Amino acid sequence: MSQRPLVLALDVGGTKLAAGVVAPDGRILATGMVPAGPADGPDRMIERHLALARRLVIEAAVEWSAVELVGIGCGGPLDRVTGTVHEPVNLPGWIDYPIVRRVEDALGRPAVLENDATAALLGELWFGAARGRRDVAYFTISTGIGGGIALDGEVRRGAAGNAGEFGHQSVAWDGWPCACGRRGCVEAFASGTNIARRAREAVARKPGARLIELAGSADAITAAHVVAAVREGDPLAREVWDATTAVLGAGVANVVNLFNPELVVLGGGVTAAGNLLLEPVARSARTALPPAANAVEIVLAALGSNVGIVGAAAVALEAAGHRPPADLELATR
Ligand SMILES: [Zn+2]
């Protein structure tokens, strides 16, 4: 019944391990997740992840033999060529961890590793908001901020496979400190974590703020509370949010100037804010130089919470020499 090859997609995070069985047209046949439990270390985590994957193949009611490829998305730093993960901040103990070899040994199938932001870009290019587009920048605005870039129809990974770190572009050279050691990075101001931190700092100066009522306490404030308070018209939350979208917009405008994309896709948890995020960021992006600014469209991602799974599947399909469905449609027209 199913097309081949089916892909087993693994999305490795510090909070959860997600997996899915994905058809070559991007359809998810089964998906699920288990808590990551990073304190257990990489071997035990991978065991749990693979147990989940095996259950999902049974749940999808497909033959094991049809599951020919494995795609793995993970936060960087990592080396996709050697298939090793180099201790991302949310995965302590994953020191030069050979995830690809572990997974291949366990499953007896070729596996491919990719940075999760690049995987998300590929997912949107093949199956989401960027289908059929050639010059695309993808921003993921979540716990952290990452990204990826495709030019002339190809994902660009750079000399060390690290292209597209849009969160660590400085928009204020002597500005706020970032964990990376530089100052004024977009991530250190506008990631979900940092929106929440700035909101907590703002309410500390203003007791009785609406944000504290919504969250229960100042310590419990998240980016989602800020968005909810903005929707209610709360001026303090509005201040925090306007500064957030201004910094994000400056980052997007930089990327428009640098790469002249036809499309910028905004994904990640913070984009649940919808038009509250999209409209001001798109307005800022139009402050890029006119030829590039006039050519660019800014949209929200289409794959939502499935992006990790669908992206990891696209990584495996691309590595195995498959073409995006949109390309195939164009070729047969
Ligand atoms: Zn930084």
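The values are calculated or read from the model by the stated rules, or taken from the named source; none is laboratory data. Note that this is a predicted model, so its numbers are computed, not measured. Because the Cβ atoms are built from the backbone with ideal geometry, glycine has one as well, and the counts that use them run over all protein chains shown. Accessible surface is based on the protein model in full, side chains and every heavy atom, while ligands, DNA and RNA are left aside. Shrake-Rupley method; radii C 1.70, N 1.55, O 1.52, S 1.80 Å.
Per residue, how many Å² of accessible area does segment 131-221 show with a 1.4 Å probe? Please report the intermediate quantities before stating the final value.
Numbers: 4420 Å² over 91 residues.
In whole numbers, segment 131-221 has 49 Å² accessible per residue.
Restricted to Cα atoms, segment 1-147 shows a radius of gyration and a Dmax of 14.9, 42 angstrom.
At q = 0.11 Å⁻¹, what log₁₀ I(q)/I(0) does the chain have when each alpha carbon counts as one equal point scatterer in the Debye sum? Per q value, in the given order, log10 I(q)/I(0) is -0.72.
Which percent, to the nearest 5, of DSSP beta bridges fully inside segment 19-153 are antiparallel?
On the way: 13 of 18 bridges.
For segment 19-153, the DSSP antiparallel bridge percentage is about 70.
Listed values for segment 128-143 are Karplus-derived 3J(HN,Hα) couplings in whole Hz (6.51 cos²θ - 1.76 cosθ + 1.60, θ = phi - 60°), namely x, 5, 10, 3, x, 8, 10, 10, 9, 10, 10, 10, 9, 10, 9, 3, and x replaces Gly and Pro.
Taking 8 Å as the Cα distance limit and 6 or more residues as the minimum spacing, I'd like the relative contact order of segment 80-197 as a percentage.
Working: 183 pairs, mean separation 18.0, N = 118.
It rounds to 15 percent for segment 80-197.
Taking a ≥ b ≥ c as the square roots of the eigenvalues of the alpha carbon gyration tensor, segment 191-249 is prolate, as a/c is not under 1.5 and a/b beats b/c. Centre-to-centre, using Cα atoms only, segment 114-161 and segment 180-214 are separated by 27 Å. Heavy atoms of the protein only, probe of 1.4 Å, neighbouring chains included. What is the accessible area of GLU104 in Å², nearest 10? Surface open to solvent at GLU104 totals about 60 Å². Between helix 235-259 and the chain there is an angle of about 50 degrees, using the helix long axis and the longest principal axis of the Cα atoms.
Mind checking segment 205-239 for trypsin sites (Lys or Arg not before Pro) that DSSP puts in a loop (not H, G, I, E or B) and that have at most 12 other Cβ atoms within 10 Å? Could the numbers behind the result be given before it?
Details: sites: ARG205, ARG210, ARG231, ARG238; in loops: ARG205.
Loop-located and lightly packed - ARG205.
All C-alpha pair distances within segment 280-333, sorted into 10 Å bins from zero, spread as 19, 27, 32, 22 percent across the bins. Across segment 1-66, Cα pairs under 8 Å and at least six residues apart give a relative contact order of 30 percent. Summing +1 for each Lys or Arg and -1 for each Asp or Glu, what net charge is found among the other residues whose Cβ lies under 12 Å from the Cβ of ALA188? Residues near ALA188 contribute +3 overall.
What's the local net charge at GLU165, with K and R +1, D and E -1, over the other residues with C-beta under 14 Å away? With Lys, Arg at +1 and Asp, Glu at -1, the neighbours total +1.
Only the Cβ atoms of Lys and Arg (+1) and of Asp and Glu (-1) were treated as charged; on that basis the dipole of segment 181-312 about its Cα centre amounts to roughly 340 debye.
Candidates VAL307, CYS178, GLY233 compared by Cα position along the dipole of segment 176-333: farthest toward the positive end lies CYS178, with charges placed on Cβ.
Carbon and sulfur: what percent of the chain's accessible surface (1.4 Å probe)? That share works out to 53 percent. Treating each Cα of segment 180-318 as one equal point scatterer and applying the Debye formula with no solvent, the log10 of I(q)/I(0) at q = 0.11, 0.16, 0.18, 0.22 Å⁻¹ comes out as -0.47, -0.90, -1.05, -1.27.
Taking the C-alpha atoms only, the angle from helix 192-204 to the longest principal axis of the chain is near 20 degrees.
Averaged over its residues, segment 282-333 has an accessible area of 53 Å² per residue, based on protein heavy atoms and a 1.4 Å probe. In the chain, with Lys and Arg counted as +1 and Asp and Glu as -1 at Cβ, which of these residues, GLY268, GLY321, ILE58, has the Cα nearest the positive end of the dipole, that is, farthest along it? With unit charges placed on the Cβ atoms, the residue in question is GLY268.
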